[in-house]
Amino acid sequence: MKTIILLGAPGAGKGTIAEGIRSVSPFLHVSTGDMLREAVKNGTAVGRQAESYMKRGELVPDNVIIGIVGERLAQGARDAAYMFDGFPRTLEQARLLDETLTGHDSKVDKVFLLDAPRELLISRLTGRRVCRKCGQGYHLINIPPKCVGVCDICGGELYQRADDSEATILNRLEVYTRQTESLITYYQDKGILIHVDASRQRGETVAEILRVAKPLVGT
Ligand code: AMP
């Protein structure tokens, strides 16, 4: 099993970059945010537990997150390569991930920290739109759809995530500083953290990560 992590503030581009990597490599994209949104949409027990935290931009409790990630890893093949996006977000989650991977005779291989200035994070989040049907991401200025409010790929309706409102965005950035930034030191101390400039075009960031990540999976 191989594991890489995309770490970075909301708006750093973790989701888009992960999709760029997934499309040209064997890494499976595991986004806890996407899993939770799906659970909320389907009204599952996890979704009901998570919804109010997500609306406020707060973190969903660790035990819920560990549960969904543990299930996901249990379903995968022993030699799968995972790329986590938005997980771990607390030291507790990072430690439990290490324990789980040790149980599979494995470990986190590399952590890519996506760096971008605060103003860019805010403008990316406020302009973000997502297709309700296929999940394709857009940005009102940077990646506009051909036709306003309509997905280029499937014709679905584009919407703004409830937690992409200005007030919630500021809270999510604050939560990142308070609860997630400590992971930088955690992974730095292990010698596996790599800083990546995520303020550039997506393709450049993806290429830089692939140069390090692809050899892990022998491609
Ligand atoms: P994201 O799509 O990664 O920005 O996540 C959206 C929201 O889902 C976050 O603001 C949290 O409320 C919740 N969430 C996603 N991943 C985690 C995680 N690893 N730990 C706690 N909450 C999470």
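The values are calculated or read from the model by the stated rules, or taken from the named source; none is laboratory data. No experiment lies behind these values; they were computed from the predicted model shown. Cβ placement follows ideal geometry from the backbone for every residue including glycine, while neighbour counts extend to all protein chains displayed.
A few notes on this one:
- Pick from region 73-90, criterion in contact (Cβ under 8 Å) with a residue 24 or more places away in the chain and away from the ligand (no atom under 12 Å from the Cβ), ranking: surrounded by the most Cβ atoms within 10 Å (Cβ to Cβ): Met83
- Any chance Ser182 is within 30 Å of Asp109 (Cβ to Cβ) and of a type in the set (Ser, Thr, Tyr): yes
- The listed residue being more than 11 Å from the ligand (Cβ to nearest atom), farther than 22 Å from Leu170 by Cα and touching a Gly at 6+ places or on another chain (Cβ under 8 Å), out of Leu28, Leu120, Leu101, Leu113: Leu28
- Residue satisfying all of: in region 1-25; in contact with a His (Cβ under 6 Å, 6 or more places away or on another chain) and hydrophobic (A, V, I, L, M, F, W, C); farthest from the ligand (Cβ to nearest atom) among these: Met1
- Some residue of region 125-147 being over 19 Å from Ala12 (Cβ atoms), in contact with a Leu (Cβ under 7 Å, 6 or more places away or on another chain) and away from the ligand (no atom under 16 Å from the Cβ): yes
- Test: Leu114 is at pLDDT 95 or above and within 19 Å of the chain's Cα centre (by Cα): yes
- Single condition Gln75 does not satisfy, out of (1) over 19 Å from Arg22 (Cα atoms); (2) modelled with pLDDT under 95: (1)
- Here Gly191, Gly218 are screened, and the one residue that is at pLDDT below 95, exposed (fewer than 13 other Cβ atoms within 10 Å of the Cβ), on the phi > 0 side of the Ramachandran plot and more than 17 Å from the chain's Cα centre (by Cα) is Gly218.
- Scanning region 100-110 for residues that are at pLDDT 95 or above and farther than 19 Å from Ile21 by Cα returns a single hit, Lys107.
- One residue from Glu38, Glu51, Glu58 being within 19 Å of Thr177 (Cα to Cα), of a type in the set (D, E, K, R) and surrounded by fewer than 20 Cβ atoms within 10 Å (Cβ to Cβ): Glu58
- The conditions of being over 21 Å from the mean Cα position of the chain (by Cα) and either more than 18 Å from Pro88 (Cα to Cα) or away from the ligand (no atom under 16 Å from the Cβ) (or both) are not met by Ile169.
- Among the residues of region 35-72, just one is within 17 Å of Ile4 (Cβ to Cβ) and either within 11 Å of the ligand (Cβ to nearest atom) or without any contact (Cβ under 8 Å) to a residue 12 or more places away in the chain (or both), namely Val69.
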